[in-house]
Amino acid sequence: MKITLYGKPITKKNSGRIITNGKRPYLLPSKQFVAYEKDCKRQIAGKYRIGIDYPVNLKALYYMPTRHRVDLTNLLNATNDILVDCNVLEDDNSKIIVSHDGSRVLYDKDNPRVEIFIEKVK
């Protein structure tokens, strides 16, 4: 299965917001990530919402608009969380996503996106 999500990929862990509710502080994702997540959820059509619960290799190709260094692990975590929230994957634990083989960061100034390939592992 191939899913393409258009827009500049954003990590979940950078620039979080700290909100206090009474005495306890809470860490929320950045406004940029929240907007990116909302846009990705809009792009994932109903046909992808199948709740995969078997072992898969999730390969993600991130096409970034600049050549700045980014953390691939954080990009993968954000993608995994979005796919779980959209019910493409039932969970992002190691029994379902057994590998991210082939994932990498590439450059495309004019068309930033992430191409996600989900393949069943035997």
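The values are calculated or read from the model by the stated rules, or taken from the named source; none is laboratory data. What you see is a predicted model; the values in this text were computed from it and never measured. Ideal geometry is used to build each Cβ from the backbone, glycine not excepted, and the neighbour counts take in all protein chains shown.
Overview of results
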read-out: Members of the range 46-72 that are closer than 13 Å to VAL84 by Cβ and among the β-branched types (Val, Ile, Thr); value: ILE50, ILE52, VAL56
read-out: Residue match in the range 45-57 (condition: touching a His at 6+ places or on another chain (Cβ under 8 Å) and either at pLDDT 95 or above or polar (S, T, N, Q) (or both)); value: yes
read-out: Qualifying residues in the range 27-61 (those that are in contact (Cβ under 8 Å) with a residue 60 or more places away in the chain and β-branched (Val, Ile, Thr)) - the one farthest from ILE118 (Cα to Cα); value: ILE52
read-out: Residue count for the range 77-100, restricted to those that are crowded, with 16+ Cβ neighbours inside 10 Å, closer than 20 Å to CYS40 by Cα and either touching a Phe, Trp or Tyr at 6+ places or on another chain (Cβ under 9 Å) or of a type outside the set (A, V, I, L, M) (or both); value: 10
read-out: Subset tally (residues that are out of contact with any Ser or Thr (no Cβ under 7 Å at 6 or more places or on another chain), of a type outside the set (S, T, N, Q), touching a residue at least 12 places away in the same chain (Cβ under 8 Å) and outside any loop (DSSP other than H, G, I, E, B)) for the range 62-88; value: 7
